[in-house]
Amino acid sequence: MKPIVKPIDSDTILIPTDFTLVADTAINHAVYLAGIFKRKLTLLHVIESGLFGNDKKEEEKLNDVTQKLQKASEEIEAKTGIACSYTTTIGNIYDGIGKVADDINASFVVMGTHGVKGMQHLLGSKALKVITNANRPFVVVQNKPVSENGYKNIVLPIDFSKETKQKVFWAKELALKFNSNFYILAEHESDEFAANAVRNNLAYAEHYLKDASSSIKIEHAGKGKDFEKETLNYALKVNADLIIIMTNQSMDLKEYIVGAYERNIIANEAQIPVMTLNPVNTMLSKKGHMYNFGNF
């Protein structure tokens, strides 16, 4: 049984949907971003394989989902004037979302989650592969709609890793559209080598962002403090509209993982949207962009 697809244009923002309220919030964010960055939209529903027992039930499910996607797509286009395609895929959400994002060369993915409980269901230890299996940025939201000012106040946690610099690229791309204020939180490191790496990363971020932002404020996490809690407290303090984080690369350097820090930031109780990025091997692509996913 082949999925039913409304023709998809390139330079699109992918929105996985399960037709819940948090999926509607994801659409809210994606519509806003599409308007700012002049992108199209693509709705996606993943139909899990092996649940229906026979082809007839699977076909009925496929038809039902397609009707819902078509209706949602038409409503988005009528309300916003933004072109909205839709597609389905049969499989599992862990691999399906990333595969479709690659197939259509989505600029990035905007996805809703149901907080801590939803992390266990939609974004649990296995389902977090949704993020790490897709070679493009994710914006993960809960029930909080996009701010009137967009992503004006952005929190950038900075640690000693060389990969942390990569989030600065996307921060600048957003700042050029939102004239963002950057609130950089530096992790405390007792080790001299790690502390020096943090200082170098801070200097890089400040230099790279200075021409694109309204302001840059740097704060240092306290010695012995939990960096996750410090990050979330800082985000609340500055009324953050977005937090940008990196996933971690596993020891074998072949895949990316989302640890406790990233999970808890994504599922934060304040429902602040979070952009997640998988590290890339080189800082710049052949086209001069760190991420060659639609040329923002």
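Just so it is clear, none of the values below were taken in a lab; they were calculated from the coordinates. What you see is a predicted model; the values in this text were computed from it and never measured. When we count neighbours, we look across all protein chains shown, and the Cβ atoms used for this are built from the backbone with ideal geometry, even at glycine.
Numbers at a glance
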quantity: Computed lengthening from Glu192 to Ile36, 0.36 nm per intervening residue step minus Cα-Cα distance; calculated: 51.9 nm
quantity: Restraint check, Lys144/Lys165; Lys99/Lys162; Lys40/Lys165; Lys38/Lys177; Lys40/Lys61; Lys38/Lys210, Cα-Cα greater than 23 Å; calculated: Lys144/Lys165; Lys99/Lys162; Lys40/Lys165; Lys40/Lys61; Lys38/Lys210
quantity: Under 5 Å, built H, 5+ apart or other chain: amide partners of Ile216; calculated: Phe182
quantity: Amide H contacts of Asn133 (H built 1.01 Å from N, under 5 Å, at least 5 apart or other chain); calculated: none
quantity: Of the GluC sites (Glu not before Pro) in the range 141-220, those whose Cβ has at most 13 other Cβ within 10 Å and which sit in DSSP loop; calculated: Glu148
quantity: Potential lengthening between Tyr261 and Asp103 on full extension [0.36 nm per residue; Cα-Cα distance subtracted]; calculated: 53.9 nm
quantity: Gain upon complete extension [Ile218, Asp95; 0.36 nm per residue less C-alpha separation]; calculated: 40.5 nm
quantity: Hz values of 3J(HN,Hα) by residue in the range 185-193 - Karplus curve (6.51, -1.76, 1.60), Gly and Pro given as x; calculated: 10, 9, 6, 7, 10, 7, 5, 4, 5
quantity: Tensor-based shape of the range 153-277 (alpha-carbon gyration tensor, a/c under 1.5 rounded, otherwise prolate or oblate); calculated: rounded
quantity: Vicinal HN-Hα couplings computed from phi for the range 209-218 (Karplus, 6.51 cos²θ - 1.76 cosθ + 1.60; Hz; Gly/Pro x); calculated: 9, 4, 8, 10, 10, 6, 7, 10, 10, 10
